[in-house]
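A short write-up of the structure that comes next.
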Amino acid sequence: MKSNFEDHLRKKNLANNTIRSYSTAVERYYSFYDTVNKTNLLNFKEHCVAHYKPASANIQIFGLNQYLEYVGREDLKLRSVKVQQKRYLENVISNEDYEYLKKRMKKDGRMKWYFMVWFMAATGARISELLQIKVEHVHAGHIDLCTKGGKIRRIYIPKTLGAAALEWLESQQIESGFIFRNRWGRLISREGIYRRLQKYAKEYGIDPKVVYPHSFRHRFAKNFLEKYNDIALLADLMGHENIETTRIYLRMTAGEQYSIVNKVVTW
């Protein structure tokens, strides 16, 4: 049943991580209940709301709803949990820390990680998208990826980054294929990237809370709007289906808000 359900999700062109999350949600449901009925589903939703943040609870609910569609019980679909949108961005690396991190990595000869951070911050790529970049894409100046619903998203690689990356790749005798591999030649795992970035953050005296893969995607969006204030274009570049998702980048980070409050509030 699990493999058939996952095949059903693949036919809808969902990302592998999404498929894994939805499949896990169904497994979790069946660890509590033997049958699918409204009472059990509502109890499971209540459990998710009590034990997860709203966004995480919704992933469980979305997964179950996909499963209900698969088994022909769409009449039992659950409503998602309302997520209160924050009026600020949390834990986004500052430009100063971003530049300092790159500088230290380059100085210490950690070139693969230097370019990984640079690629994320200069392209806005998600970590799953970053790992798909090949030498051939750097030469082309872009990578085209199939997104949800079968749409194509193009991620541009700026010329300055591309030229520097190609010079480094040549020095490493990497002429084709995926760029970010581990020492065994396999793609570096998401968990491995996160752990390594946390290690470097602590080593370089940067708050680990702001040094994680998605933080650099946030940095890309903030920097782009500061230099070219076109929210619609940014939405396209970020791969957002809804421009409202992109509007959060018009807001300040929590740290920026706090800094202004400290300057302004003198009474």
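Coordinate-derived values only; no laboratory data. Since the structure is predicted, the reported quantities are computational estimates derived from the model, not experimental observations. Heads up, the Cβs are rebuilt from the backbone with ideal geometry, glycines too, and the neighbour counts pull from every protein chain shown.
For Ala140 and Val71, what does the FRET efficiency come to when R0 = 35 Å and r is the distance between their Cβ atoms, rounded to the nearest 0.05?
Values: r = 43 Å, r/R0 = 1.23.
E between Ala140 and Val71, to the nearest 0.05, is 0.25.
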Points 7 angstrom from Cα along the Cβ direction at Asp34 and Asn17: gap in nanometres? 3.8
By a straight-distance test (C-alpha under 25 Å), which lysines pair with Lys77 as possible cross-link partners, with residues fewer than eight away in the same chain excluded? Lys2, Lys11, Lys12, Lys38, Lys45, Lys53, Lys148
Eigenvalues of the Cα gyration tensor times 5, then square-rooted: what semi-axes does that give for region 101-146, in whole angstrom, largest first? 22, 11, 8
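Which entries in the list Lys107/Lys134; Lys102/Lys134; Lys112/Lys202; Lys106/Lys222; Lys102/Lys263 go over 27 Å, if you measure between the two C-alpha atoms of each?
Lys102/Lys263
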Return the loop-located trypsin sites (Lys or Arg not before Pro) in region 120-161 (DSSP other than H, G, I, E, B) with at most 13 other Cβ atoms within 10 Å of their own Cβ; answer none if there are none. Lys151
Low-density loop positions, GluC sites (Glu not before Pro), region 199-254 - DSSP coil, at most 16 other Cβ in 10 Å: Glu241
Built amide H within the under 5 Å cut-off of His142, gap 5+: Ile157
Can you tell me how region 166-260 classifies by the Cα gyration tensor, rounded, prolate or oblate, using a/c under 1.5 as the rounded cut? oblate
The Cα extents of the chain along the principal axes, largest first and rounded to whole Å, are 62, 59, 36
In debye, nearest 20: dipole of region 150-254 around its Cα centre with unit charges on the Cβ of K, R (+) and D, E (-)? 380
If you plug each phi of region 222-233 into the Karplus form 6.51 cos²θ - 1.76 cosθ + 1.60 with θ = phi - 60°, what whole-Hz ³J(HN,Hα) values come out, in order, with x for Gly and Pro? 4, 5, 4, 5, 5, 9, 8, 7, 10, 5, 5, 5
In debye, nearest 20, what is the charge dipole magnitude of the chain about its Cα centre with +1 on Lys and Arg Cβ and -1 on Asp and Glu Cβ, if you could check? 380
